[in-house]
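The values are calculated or read from the model by the stated rules, or taken from the named source; none is laboratory data. Note that the structure is predicted; figures quoted are calculated from it, not measured. Every residue, glycine as well, gets a Cβ built from its backbone with ideal geometry; the counts of neighbours run over all protein chains shown.
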Amino acid sequence: MLPRDRGERNPQAGLVAVGVVLLFNGLLFLLSSSAPVLAVQGAAGQVVRTLSEPVAAVGRGAASVRDLFVDIRSLQARLTALLDERDQLAAEAARIASLEREVAELQATLDLRATTSFATVAAQVVARDFAIDRRYIILDVGSADGVKLGDVVIGAGASLAGRVVQVSDQSCQVRLLTDPEFSVTSEVASTGAIGQVRGRAANPLAFDDVDAQRQVLVGAEITTSGIELSPTLRSAFPRGLSVGRVVAVNSIASAVLQSADVQPTLDLDSVRTLLVILNYRGGLPDPSVTP
């Protein structure tokens, strides 16, 4: 004979189990607002929060790192754009400053040409030949413009620049005032003390062989003396051209001569526009001969 189903064998056990579950749920419901249960719920919630906080922190950290990389890329792009803009503005400012200097130089040259009593031709510097023992420039005017060997070259403010030493049809070569082979008799404009100015390349000009009894002060202007013994025998340079200003005086108490360092009036390393005097002929046409 087959055994009966367990539920059929003990229906009372199933009813008892259901009753126990219902009783337990009822007790939990009744005690849910009691202090012990609330304490257990709070402790459980704290445990859950404590366990979940690191996970949340990791998530927030990952998001922060992502945002940081985005910000860095954005800042780098902005920095690059600003640097490019700065370089463009700097280049534009430099170009404008260069143009302003050129305009000022051209205006000064035009003013000089309008006021000088000499016939002149304006010229642009097209090449420079600078070395320790050389200071030459090439101008874009030549014999076709009336330029001749020995012509004097001047710049803004009636300042001496040099003398033509070689001429072609469309250009000429000029030995500058600063060339070591250049020499011109000059004087202190305020006192008339005469000496010899000689070029020293990148160094200040030398003003030598000055009478020690004559006063030479720092800041004094030096000009060409333009000595003229007769209409046919005179200095190779007109009188009164500005040469430079004294920056240092070298004298010895017992010496009969003194010397000085002179800063040229013109910045001959960067000058762009000059005038060639066409109608002045000195008595010593050879440019290498001291006037």
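Which strands (runs of 3 or more DSSP E) sit wholly inside region 135-210 and have at least 3 residues that are touching a Ser or Thr at 6+ places or on another chain (Cβ under 8 Å)?
By residue number, 159-167, 183-188, 194-198.
Please enumerate the residues belonging to region 213-260 that are hydrophobic (A, V, I, L, M, F, W, C), surrounded by fewer than 20 Cβ atoms within 10 Å (Cβ to Cβ) and closer than 15 Å to Thr185 by Cβ.
Once the filter is applied, which keeps residues that are hydrophobic (A, V, I, L, M, F, W, C), surrounded by fewer than 20 Cβ atoms within 10 Å (Cβ to Cβ) and closer than 15 Å to Thr185 by Cβ, region 213-260 yields Ile227, Leu229, Leu233, Leu257.
Closer than 16 Å to Ala260 by Cα, surrounded by fewer than 18 Cβ atoms within 10 Å (Cβ to Cβ) and modelled with pLDDT under 95: does that describe Gly157?
Answer is no for this residue.
Hey, can you tell me all the residues within region 136-154 that are more than 36 Å from the chain's Cα centre (by Cα), buried (at least 20 other Cβ atoms within 10 Å of the Cβ) and hydrophobic (A, V, I, L, M, F, W, C)?
Within region 136-154, just Val147 meets the criteria.
Test Ala97 against the criterion of being over 17 Å from Ser270 (Cβ atoms) and not in a loop (DSSP other than H, G, I, E, B), and give yes or no.
No, not satisfied.
From the list Ala91, Ala114, Ala201, which residue is within 27 Å of the chain's Cα centre (by Cα), modelled with pLDDT under 90 and over 20 Å from Arg281 (Cα atoms)?
Answer to the check: Ala91.
Which of the residues belonging to region 100-127 are free of Cβ contacts under 8 Å to residues at least 60 places away in the same chain and in a helix (DSSP H, G or I)?
Glu100, Arg101, Val103, Ala104, Gln107, Ala108, Leu110, Asp111, Ala114, Thr115
Give the residues of region 216-248 that are modelled with pLDDT of 90 or more and more than 23 Å from Leu176 (Cα to Cα), sorted by residue number.
Hits for region 216-248 are Val216, Leu217, Val218.
Taking the condition assigned to a strand (DSSP E or B) and at pLDDT below 95, does Phe130 pass?
The answer is yes for Phe130.
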